[in-house]
Amino acid sequence: MSHPPAAHRDARTLAHEILVQVETEDAFADVLVTHRLANVDLEVRDRALATELVFGSLVWQGRLDHHLRALLRDPLERLDPPVRAALRMGLFQLLMLDRVPAYAAVDASVRLAGRRAGGLVNAVLRRAARAGRGGLSLPSPKGDPIERLAVEWSHPRWLVERWITEFGRDEAAQLLQANDRAPQVALRTNTRRTTRDQLQAELAGAGISTRPGTFAPNALVVTEGAGMLRATGAYRDGHFAYQGEASQLVATLVDVGTGAALLDACAAPGGKTLALAERLGSGSHIVALDRNRASLERLSGEARRLGLDGVRSIVADAGHPSLKATFDAVLVDAPCSGLGTLRRHPELKWRRQPEDIPRLAAVQRHVLSGVAPLVRAGGILVYAVCTRTHEETTGVVAWLLATHDRFVVEPLDLVCVDADGFLRTAPHTHALDGFFAARLRARR
């Protein structure tokens, strides 16, 4: 897609372009927002508006589409992606943003839809504006309670049904609501260069407010000023890295001493790899394995910013690693459905399908079968995913124990641990991404 020069961009145009890319190119909104805002000349409030329009339209897409189907005469699916994006973004502003005048939301969406569809968008959004929030109805909870939950909290019906089955109706409803809340930005202090208290004071001097993390020992959670982080001396000097608390906790499970040899089998984007390099020091040797060369190059660049050494990148399939060495610890942060990260990646709600879960569980077994033999006797294997489905969590661990009897589960001693000794975090119970992790020990 071609874009006009950065100087001609405005918040709504930028947001619309990103939403179309997310739908047509399977791109991730957070990556696009970060990249596009770094290359555009917008004031702080317009940057915030563009970000809110993108994520708000994606978070509430299910409810917006429900209302749009009632307002449209033809099926929503027949419209071109730019027209759908303009309608969703306009309706999001009308229903969810009190400070945006209705005429501004409608006029901008008409312009973004283009000449051919402008009349349609104008008519639909003006009908919505006249109806108001009270005039656009949700499904009756008495008629179809599952459909009501799916529309009200903007999730696909199949996922709501699944979570009700697995967690019960009350907990599922809490999870749905938590997924619709924006996550806070968390940072990992680079303890090779500073301390958490020193970093907090340094950021405060730059006008950025933080609080200590609740669970991870070196985490800071940003409470105000997150958009200014990359312009700070603390970022330039490598005093912190962006990393959620749940992800930081997973890295702490790789409990080996300085001088150990480690393998991160699915390393990209590299947050856990670099957390390990920071914690274990220059005497350790870490191999970062991934199939994506560009991602490994970004990992190497981040390691240089943070001043971390001892990381060797290798482009390879973890299912067939072709490595002769063995390791004191192997981390498998496996490709997964990502359903624990819907606060950060709301597009996954609309992208994932039920059949993806068994397919990804097969990928996870493939990866583990490739790297499990590389764990030395007495060594550690940490398996982690950012999802909550049984097939990708305890189901995979059960398969590993059945097919590789040299491993035993090592129960964890952490706050966020379930009755079976596995790490489990969730948006509705910990205000963290939904992660699962197990630590297994290879028998001597």
*For segment 133-214: Kirkwood Rh in Å [reciprocal of mean 1/r, alpha carbons]*: 16.1 Å
*Packing rank of 11-23, 30-42, 250-262, where each peptide gets the mean count of other beta carbons within 10 Å, highest leading*: 11-23, 250-262, 30-42
*Label zone at D309 (point 7 Å along Cα-to-Cβ), backbone N below 17 Å, segment 160-194*: 192-193
*Round to the nearest 10 and give me the degree value, 0 to 90, for the angle of helix 356-371's Cα axis relative to the longest principal axis of the chain.*
20 degrees
*Find how much the distance from W158 to R376 grows on full extension, using 0.36 nm per residue of separation minus their present alpha carbon separation; answer in nm with one decimal.*
74.3 nm
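Can you give the charge dipole size of segment 186-242 about its Cα centre, rounded to the nearest 20 debye, using +1 on the beta carbon of Lys and Arg and -1 on the beta carbon of Asp and Glu? Show your work: numbers first, answer last.
Values: 7 positive and 4 negative charges, 39 e Å.
For segment 186-242, the charge dipole is close to 180 debye.
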*To the nearest 20 debye, what is the magnitude of the charge dipole of the chain about its Cα centre, counting +1 on the Cβ of each Lys and Arg and -1 on the Cβ of each Asp and Glu?*
600 debye
_Antiparallel versus total DSSP beta bridges in the chain: what percent is that, nearest 5?_
55 percent
_trypsin sites (Lys or Arg not before Pro) restricted to DSSP loop in segment 94-148 with at most 11 other C-beta within 10 Å_ = R99, K142
*Share of alpha-carbon pairs per 10 Å distance bin for segment 186-242, given as whole %*: 27, 65, 8
_For segment 358-428 versus segment 251-300, the gap between their alpha-carbon centres in whole angstrom_ = 18 Å
_Using the basic label-point model (7 angstrom from Cα toward the beta carbon), what is the R69 to S300 distance in nanometres?_
4.9 nm
*What number comes out for the charge environment of R305, summing +1 per Lys or Arg and -1 per Asp or Glu over other residues with Cβ under 14 Å away?*
+2
*Around V315: net Lys/Arg minus Asp/Glu count, Cβ-Cβ under 11 Å*: -1
*Report the label-to-label distance for T326 and E171 in nanometres (one decimal), using points 7 Å from each Cα along the Cα→Cβ vector.*
3.9 nm
*Once all Cα-Cα distances of segment 14-84 are split into 5 Å bins that start at 0, what whole-number percent is in each one?*
3, 16, 25, 22, 16, 10, 6, 2
*Any chance you could give the angle, 0 to 90 degrees and rounded to 10, that helix 394-403 forms with the longest Cα principal axis of the chain?*
30 degrees
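Rounded if a/c is under 1.5, else prolate if a/b beats b/c, else oblate: with a ≥ b ≥ c from the C-alpha gyration tensor eigenvalues square-rooted, which is segment 245-442?
rounded
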*Could you calculate, for segment 251-314, the ratio of the Cα radius of gyration to the Kirkwood radius, expressed as Rg to Rh?*
0.92
*Extreme residue, positive dipole direction of segment 6-135, given options T24, G134, T34 (C-beta unit charges)*: G134
_To test your reading of the geometry: what angle, between 0 and 90 degrees and rounded to tens, separates the Cα axis of helix 271-280 from the longest principal axis of the chain?_
30 degrees
*Alpha carbon Rg of the chain, scaled by the compact-globule rule 2.2 N^0.38 Å*: 1.04
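Values in this text are rule-based calculations from the coordinates and carry no lab data. Just so it is clear, the model here is predicted, and its values are computed rather than measured. Please note: Cβ atoms are built from the backbone with ideal geometry, for glycine as well, and neighbour counts cover all protein chains shown.
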